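Student: Structure in structure tokens, see below.
Read-outs throughout are calculated quantities, based only on the coordinates presented, and are distinct from any laboratory measurement. Since the structure is predicted, the reported quantities are computational estimates derived from the model, not experimental observations. FYI the Cβ positions are ideal-geometry reconstructions off the backbone, even for glycines, and counts take in every protein chain you see.
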Amino acid sequence: MKTRFGLAMAAALMLGGGAAIAQTLPDYMAPISGKTNAAPGDIATRDVLALNTAMFELYGDAAKVFQKNILDKHPVILGLFSGAGGRLILYRPGQPPLDAPQVPVVYQLLKSVGHSTMALAEVVGPYVDNPDNKSWRGAMLAFRSRMQSALDSLDATPMQADWRDNNRIILKNNIAFMDECLARGVIPFSKLEAFGKQQAPFLARNVAWAAQTQVAHWMGVLADWKTQLGPDWEKTYAASNTIYVTRQNNVIFSVLAQFFGPDAINTRLLLIETVSFTTTPADMLESLTRIIADRSVGALFFGNYHLMDYELMGGDGRAAIVAETAKRGMTPFLPPLVPFGSRQWPTLVTPGPGPATIADLK
């Protein structure tokens, strides 16, 4: 009984008990004691906001069960971006995940040579037409050494002859440009601009060959997986990740779409935006699980299975924007309304004037 009384007394003191009691506190209680005041409105606000925090905690626990249930019933394909041309993983109920073979290494070789040329612009960009700043020389000398090593060993790489010839030209042009900059001790913009135009057609070939290599590989993988899954393909989910620059004409998503067909887009085939080029399979599965689980919630409360694929307040937000712009004498500027469950590509789809491919730039 004394123990309970003592704990109660201590709690009362720390929470700001009466003045008479507080005066009897020993010195060692001074740092943590004192009278605190909380307005009823603040407490009420905190209590209500705590419901939202609790929702996320509960959702996290439920998502683990949801994910297991989904993987127990449905095959899932994850298409992950990587510097090696992507990574495809097949999850099948009751079986371990299956990693697809990697894109042939020539894809990486083509990109590496192309990127080496782009990197030169990064090395010299901050120092163009600045003869008084020579801080770029060290980085360029080191990069030139790597460039020469790549050129010297190019013939031993697994690359067909005409592709190798194109990459030899790129590397030689890179070295010639660096040698000229180092000899001059300055980087004139006119020289940099001429270098860019000189390399453009050779770089364009590398881009085309890399794309052909990547697409042919993944088309073969997916054709094999679709055959293996048989009728289960029709209940297979797939998701690919993208950042801003890869969301339009996303290679892996576009290849997946050829096998899933138009009706699967945004239903069983999803494009998930991220903030970095790479993400983990666990994060992708978590995102996919959340999308599928939220659909059931939308159907439960609003009677529409795809409602939760969209910003829940989006429709009312549009109406509010229209009303607020009218108050300010403005004309609202909004995208067209699309129905829940739209099958359109989750990328830019409105055609217009201007170049849209590297070939168009010619």
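Student: Sequence-distant or interchain residues sharing an amide H contact under 5 Å with ALA238, placed H: which?
Tutor: The list, which skips near neighbours in sequence, is ILE77, LEU269, LEU270.
Student: Let me ask something additional. Any idea how many Lys pairs in the chain come in under 22 angstrom at the alpha carbon, given 8 or more places apart or on separate chains?
Tutor: For the chain, qualifying lysine pairs total 14.
Student: What is the order of PHE340, PHE177, fewest Cβ neighbours within 10 Å to most?
Tutor: The fewest-first ordering by Cβ neighbours comes to PHE340, PHE177.
Student: Arranged by the count of other C-beta atoms within 10 angstrom, fewest first, what order do HIS115, HIS74 take?
Tutor: Ranking HIS115, HIS74 by Cβ neighbours within 10 Å, fewest first, gives HIS115, HIS74.
Student: If you don't mind, another one. Which one, SER342, SER190, SER276, has the greatest fluctuation when you compute a Gaussian network model over the chain with C-alpha springs under 10 angstrom?
Tutor: SER190
Student: Which stretch or stretches of segment 257-293 have amide N atoms under 13 Å from the point lying 7 Å from ASP72's Cα along the Cα→Cβ direction?
Tutor: Answer for segment 257-293: none.
Student: Run the dipole for segment 258-362 about the Cα centre, Lys and Arg Cβ at +1, Asp and Glu Cβ at -1, nothing else charged, and hand back the magnitude in debye, nearest 20.
Tutor: 260 debye
Student: With each pseudo-label sitting 7 Å past Cα toward Cβ, what's the LYS64-ALA38 distance in nm, one decimal?
Tutor: Result for the modelled spin labels: 3.0 nm.
Student: Name the most mobile residue of MET308, MET219, MET330, meaning the one with the largest mean-square fluctuation, in a Gaussian network model of the chain with Cα contacts below 10 Å.
Tutor: MET330
Student: Sticking with this structure for a sec: With a ≥ b ≥ c the root eigenvalues of the C-alpha gyration tensor of segment 206-362, is it rounded (a/c under 1.5), prolate (a/b larger than b/c) or oblate?
Tutor: Cα axes put segment 206-362 in the oblate bin.
Student: Is segment 280-344 best put as rounded, prolate or oblate by its Cα gyration tensor, with a ≥ b ≥ c the root eigenvalues, rounded for a/c under 1.5, and otherwise prolate when a/b is larger than b/c, oblate when not?
Tutor: Because a/c hits 1.5 or more and a/b exceeds b/c, segment 280-344 counts as prolate.
Student: Compute the FRET efficiency between GLN198 and ASP360 as 1/(1 + (r/R0)^6), taking r as their Cβ-Cβ distance and R0 = 25 Å, and round to the nearest 0.05.
Tutor: That gives a FRET efficiency of 0.80.
Student: Once phi is turned into ³J(HN,Hα) by the Karplus curve 6.51 cos²θ - 1.76 cosθ + 1.60 with θ = phi - 60°, what whole-Hz value does each residue of segment 126-139 show in order, with x for glycine and proline?
Tutor: x, 10, 4, 6, 10, x, 7, 10, 10, 5, 7, 4, x, 5
Student: Based on other C-beta atoms within 10 Å, arrange PHE253, PHE302 from fewest to most.
Tutor: PHE302, PHE253
Student: Between SER254 and ASP152, what is the label-to-label distance in nm when each label sits 7 Å out along the Cα-to-Cβ direction?
Tutor: Label-label distance for SER254 and ASP152, simple model: 3.9 nm.
Student: If you take every residue apart from VAL297 with its C-beta less than 12 Å away from the C-beta of VAL297, what net charge results, scoring Lys and Arg +1 and Asp and Glu -1?
Tutor: Summing Lys and Arg as +1 and Asp and Glu as -1 gives 0.
Student: About the Cα centre of the chain, what is the dipole size in debye to 20, counting +1 per Lys and Arg Cβ and -1 per Asp and Glu Cβ, all else neutral?
Tutor: That gives the chain a dipole magnitude of about 160 debye.
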